[in-house]
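The values are calculated or read from the model by the stated rules, or taken from the named source; none is laboratory data. Bear in mind that the values here come from a model prediction, so they are computed numbers and not experimental data. Positions of Cβ are generated from backbone atoms using ideal geometry, with glycine treated the same way; all protein chains shown enter the neighbour counts.
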Amino acid sequence: MKHLLKMLDLSKEEIIEILNLADQLKYELKHNIPHPHLQGKSLGMIFQKASTRTRVSFETGMYQLGGHPLFLSASDLQIGRGEPVQDTARVLSRYIDGIMIRTFEQKEVEDLAEFGGIPVINGLTDFCHPCQVLADLMTIREFKGQFDGLKMCFIGDGNNMANSLIVGGLKAGMAVSAACPEGYHPDKRVLDFAKDFDCFELTDSPVKAAQNADVVITDVWASMGQEGEAEKRRKAFQGYQVNDEVMAAARADAMVQHCLPAHREEEITEKVFEAHANEIFEEAENRLHAQKAVMVKLMADK
């Protein structure tokens, strides 16, 4: 494992190793046990998309690991003024020990990894969100104890979250169902991967997808960069809400996950959100621990 670019690149063993280390780092933090694995290391954090959880969790995590985080806004970098990404990669590789980038195009992340000489972490692209899904998997295992025999259900837009959840869930050993309206299906690369699994189902019925689910997951109908489509999407996603009807189809002890921010009464009702707030905010916290594990795996002793 040289980079974290997308869930498709990870093996089941690598996913479990990251989650085990994340559990250990979380335990150590809760018990005030120092873990300065990245003492003297620097992480450059490139943001071309706004962020709350990604910036704060990476910055705090790097500090807790003994390293130094550098916030690099795209508007302040030459990459925002037309410098080729391969040149940025080669320059930064001579200054710092790792790059986290939150951007639009997956190719930009892949190019940084190809032309740079240091680990690259995908903090989010339009194609995938591996850091979030590692936190989701960590949370699911915390609450459910295992992955085998579980069913994960995603309801909503076949976006970066759906893409990464499908791959991560199947690789971890869960059955996965997704309910997405026509025209908003997950990426073809993800569906090509999933077709080899008998335990994957894509449907246009949220209730069908949620049938006997142990984990119900959703995301906003319009992500960053799609604000102009908000009204169109609001119409397309009518009925794709995590509500009492959907939860009644899931198992009685089903948990709910949401990557946040949540638009209550759109993709999820206030009632369901608040009933599962503990699980959702534990998931948000676990961004910190899962990403620290990724940084240690990629950057320690390098």
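For region 149-206, filtered to residues that are in contact (Cβ under 8 Å) with a residue 60 or more places away in the chain and at positive phi, the residue that is surrounded by the most Cβ atoms within 10 Å (Cβ to Cβ) is Gly156.
Here is a check on your reading of the model: is Leu260 outside any helix (DSSP H, G or I) and either within 30 Å of His3 (Cα to Cα) or among the hydroxyl-bearing types (Ser, Thr, Tyr) (or both)? It is true that Leu260 is outside any helix (DSSP H, G or I) and either within 30 Å of His3 (Cα to Cα) or among the hydroxyl-bearing types (Ser, Thr, Tyr) (or both). Criterion applied to Ala213, Ala252, Ala230, Ala284 was being small (Gly, Ala, Ser), over 17 Å from the mean Cα position of the chain (by Cα) and assigned to a helix (DSSP H, G or I), and the one residue passing it is Ala230.
Applying a threshold of 7 Å to beta carbon distances and a minimum spacing of six or more residues, or different chains, the list of pairs starting in region 217-245 at a residue that is at positive phi and ending at one that is not in a loop (DSSP other than H, G, I, E, B) reads Gly239/Pro206.
Closer than 25 Å to Gly117 by Cβ and at pLDDT 95 or above: does that describe His68? So His68 passes the test. Considering region 159-204, and only residues there that are hydroxyl-bearing (Ser, Thr, Tyr) and over 16 Å from Trp221 (Cα atoms), the residue that is nearest to the chain's Cα centre (by Cα) turns out to be Ser164. Restricted to strands (runs of 3 or more DSSP E) entirely inside region 103-202, those with at least 1 residues that are of a type in the set (A, V, I, L, M, F, W, C) and in the same structural domain as Ala89 (by TED's automatic domain parsing) are 120-124. Within region 60-86, the residues that satisfy the criterion of being assigned to a helix (DSSP H, G or I) and either touching a residue at least 12 places away in the same chain (Cβ under 8 Å) or touching a Phe, Trp or Tyr at 6+ places or on another chain (Cβ under 7 Å) (or both) are Thr60, Gly61, Met62, Gln64, Ala74, Ile79, Gly80, Val85, Gln86. Phe197 meets each of the listed conditions (1) out of contact with any strand residue (DSSP E or B) (no Cβ under 8 Å at 6 or more places or on another chain); (2) hydrophobic (A, V, I, L, M, F, W, C); (3) closer than 28 Å to Glu142 by Cβ apart from (1). Here Leu134 passes the criteria (1) crowded, with 24+ Cβ neighbours inside 10 Å; (2) in contact with an Asp or Glu (Cβ under 8 Å, 6 or more places away or on another chain) except the one numbered (2). Here the condition is being in contact (Cβ under 8 Å) with a residue 40 or more places away in the chain, crowded, with 17+ Cβ neighbours inside 10 Å and touching a Leu at 6+ places or on another chain (Cβ under 7 Å); of Leu19, Leu25, Leu5, Leu10, it holds for Leu19 alone.
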